[in-house]
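The values are calculated or read from the model by the stated rules, or taken from the named source; none is laboratory data. The shown structure was predicted, so the numbers you read here are calculated from the model rather than taken from an experiment. So basically every Cβ, Gly included, is an ideal-geometry build from the backbone, and we count neighbours across all protein chains shown.
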């Protein structure tokens with residue numbers, strides 16, 4: 001999280017960098033939205049451990065990939081929580 005958002009080449013790059021630095025996905029739509037012109041749109045909110053929130057918008061093909069990455073991340077988090085509960 002040493003870079004300004006404008007230094008990222010894409011929202012995907014920003015998301016992956018944030019998640020690699022003690023941040024977590026805190027908001028993601030269940031499904032990708034489609035604008036009136038048919039372009040896919042998604043918005044992911046990521047919050048760092050120090051409470052800073054980042055909003056990552058994406059359009060078109062990138063929005064589909066960003067949404068998938070965020071949902072995969074959340075699924076993995078849920079699996080890890082379930083494993084911890086089973087161990088206890």
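Quick notes on this structure:
- Extreme residue, modelled with the lowest pLDDT, among residues of the range 58-88 that are more than 19 Å from residue 46 (Cα to Cα) and outside any helix (DSSP H, G or I): 88
- Test: residue in the range 48-57 that is surrounded by 11 or more Cβ atoms within 10 Å (Cβ to Cβ) and not in a strand (DSSP E or B): yes
- The number of residues in the range 16-34 being in a loop (DSSP other than H, G, I, E, B) and surrounded by 14 or more Cβ atoms within 10 Å (Cβ to Cβ) comes to 2.
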